[in-house]
Structures are given as C-alpha cells and as structure tokens.
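Novice: I'd like to ask you about the structure that follows.
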Amino acid sequence: MVDSRSHTATRHPSSLHTPDGKDKAAPVQARVAQNTYFKAIQSAKRVHWSQFLADIDVRLLWDTRKIASGRAPDCFLRLENASSPTDINNILLQYFVPPRPSPPPPLTLPAFKVFPPVLPLEVSSALQKSSNTSAPGPSGIPYSIWKQVHKANERLLPSLLTSLVTHRYHPRAMKKANGIVLDKPDKPDYSTPSSFRIIVLLETVLKILERLSALRLTTAAGSLGLLHPNQCGSLAGLGCFDAVATLTHEVRLLQAASFKVSTLFLDIKGGFDNVYANKLAGILAKGVVSTYLVAWIKSFVTKHQYRLIFQGTPKVFCLVAVSGLSNLSSSLCDLYSQPPPDYPPMSCDFIC
C-alpha cells in the first residue's frame, strides 16, 4: 500500500521544494518553533512573576518596584558652558563642593593613654550588618573579602583598627572615595548640575571602623545628654515612624489644651559639607565625650578626597569636607546642628 503523501510528493515535487532543491516547509516550521519558544518564555515569566508577587516580603517591596519599573537609560552629561569632561567635572565640583570660608582656629586636645580597644565581637557585629553587594570604594575591596579575613584571623582587623584610633590618624588611602554621578529621574532638563546627584562610595574597611565609632558616639551622646529627647535620626531602633508618632503626639497634646499648633519643616542643605572639624571637636569635648573618640573624629572629618565618576571622567581627586552619606557623618551632623540647651522656649519643640 502506497502512502498518499509520498504519492503526492511524487506527482508534485514542486509543491514541497523550490527550484534550487530547498525544502519549503523548513522556514515555516522554524518560524512556528520560534514563536512557540518565545510564547513559552513569556508564559514562564508570567507564572514566575505571579508567584513572586504572591510570596513577596515587606523588605523586598522597593526592590520589586525597581524590577517592575525597569532601569532607565543612563543620561550622558551635557552641561551648559561645558565642552569637555574636565569642564563637566569642574562645574559639578563647584556646585556640589563649593569653596568654604576659613575654618575656626584649631582645638588643642589633651593626650590620652587609656581607651577601650576594638574587640573582635564589635568587628563581627559590624561585618554582619554589611552587605556583600554594597559597592566598594576606589580599591575595589568588597565586604566579602573582609569577612573572609576576619573569619581566618579574628584578631587582625581589631588590631589594625585599634592602631588607627590609638594614633588618631587616618591613612590617606582610606580617605579617598568615588563619587558616582547619577541623574535624578523625571527631570525636564539635564543641562544643569541640580539635575544630578552624587553617591559617595567609601573604602569598606573605613566604613567598618565608622560603624564601630558611630555606635560608641551615639551611646556616649545619649548617656551625656548631647542629643535632643526627640532625636530619631542616626539612632538604632528609631526611624521615620517614631518621628511621625512623636509629632502627632505633640500636636494632639497641645490641641487638647486649646493651643494653636504649627509645624515647620527644615531641610539643611549641604549639612555634611559645612561641618567644621575644630568646631565639631569643641562641641564633643565640651560635652565630655571621651578624648580618644574626639581626636579620632577630628582626624576623620578632615582632608577627605573623592573623584567624580561619569562617562569620560578625568581621574582627579578633590578635597571635600565630611565624607557624606555614612553612618558616622549622619551622627556628627546631628550633633553639630543640635540646638543649645537654653533654646527653644517652652512653646516650641524639636523633632529630629
């Protein structure tokens, strides 16, 4: 018995083959297979995304939003009156790190002989709170390397960090940072520096010591009464929710007593860049903060350098004030901007 399909192919060879002998059905089958493949991928993505949203954790909420929104294309810097990357670099530095007036006279600190050394447990706690995915500084050494070092020898990092505090000195290499220039989203015009922001990436080993010092500083500031009772920022266990709850409580309390209540929100622009090391050291010393900590902080906030990173950036480091957006800098800025004890009057309150 002869199959009808082979019989048809025998009678009409041109129906399945082109004049050059190629099979006509091959491109059609390839197209069908390709469409089936891509449809299967889309279907698998929908199933995975639905399952991901169903099992989402509150801590992943912002990451989920970023995934759903997608990444916007990088904006190439084209600033007014800038014809080269060097001009762009100078304009950004002039905007974000403007020249500062002369600093106050230096403060002479008494010598110290005894201070609590950095303990392995402190370093372990600081490393545990540090993410391996955090971008490193100019050296490119991530937290994962320091975690392996501390695991291999738990006395190495404490010995290194204790020596830095003992000699109240910061090596220049640890004071260098990368300033990543990022464009702000949804800006109508990207020809001015105000349409961009800078994220400072410090050396990871410095950030470990910062975290330890910030914890010691906030503990001392709390016990010595250097912080306002309503201070919420830079304190462990407190955040925006506590600030909102405090503000709501104060407003309702005064309204219940038939007072007129007003709220004034202040945003201190360039707070990190306007902290003077000598004045800050004077505030801390006057508040009876340990001398070793004051001396180390004074060294920490002086002569920091960072270079701006963007397309075509020149590899030039520039001196800046305080290394912004870090654990210790936030605490220092809060202490620096605290109101005096005899201010404000009874009819006014601060929530920081």
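Read-outs throughout are calculated quantities, based only on the coordinates presented, and are distinct from any laboratory measurement. What you see is a predicted model; the values in this text were computed from it and never measured. Please note: Cβ atoms are built from the backbone with ideal geometry, for glycine as well, and neighbour counts cover all protein chains shown.
Novice: Please compare each pair in Lys151/Lys303; Lys129/Lys303; Lys175/Lys298; Lys66/Lys184; Lys187/Lys207; Lys66/Lys207 to a cut-off of 22 Å on the Cα-Cα distance and tell me which ones are over it.
Specialist: Lys151/Lys303; Lys129/Lys303; Lys187/Lys207; Lys66/Lys207
Novice: Add +1 for every Lys or Arg and -1 for every Asp or Glu among the other residues with Cβ under 15 Å from the Cβ of Glu154, and state the total.
Specialist: Local charge sum for Glu154: +2.
Novice: Using the eigenvalues of the Cα gyration tensor, what equivalent ellipsoid semi-axes result for the range 198-317 when each is taken as the square root of five times the eigenvalue, whole Å, largest first?
Specialist: 34, 22, 14
Novice: Follow-up. Projected area of the range 237-307, taken from the Cα convex hull and averaged over every viewing direction, in nm²?
Specialist: 8.1
Novice: I'd like the FRET efficiency for Thr263 and Val32, computed as 1/(1 + (r/R0)^6) with the beta carbon distance as r and R0 of 51 Å, rounded to 0.05.
Specialist: It comes to 0.20.
Novice: Also: Can you divide the C-alpha Rg of the range 132-260 by 2.2 N^0.38 Å and report the result to two decimal places?
Specialist: Output field value: 1.51.
Novice: R0 = 41 Å: FRET efficiency of Ile283 with Thr192, Cβ-based, nearest 0.05?
Specialist: With a Förster radius of 41 Å, E is 0.70.
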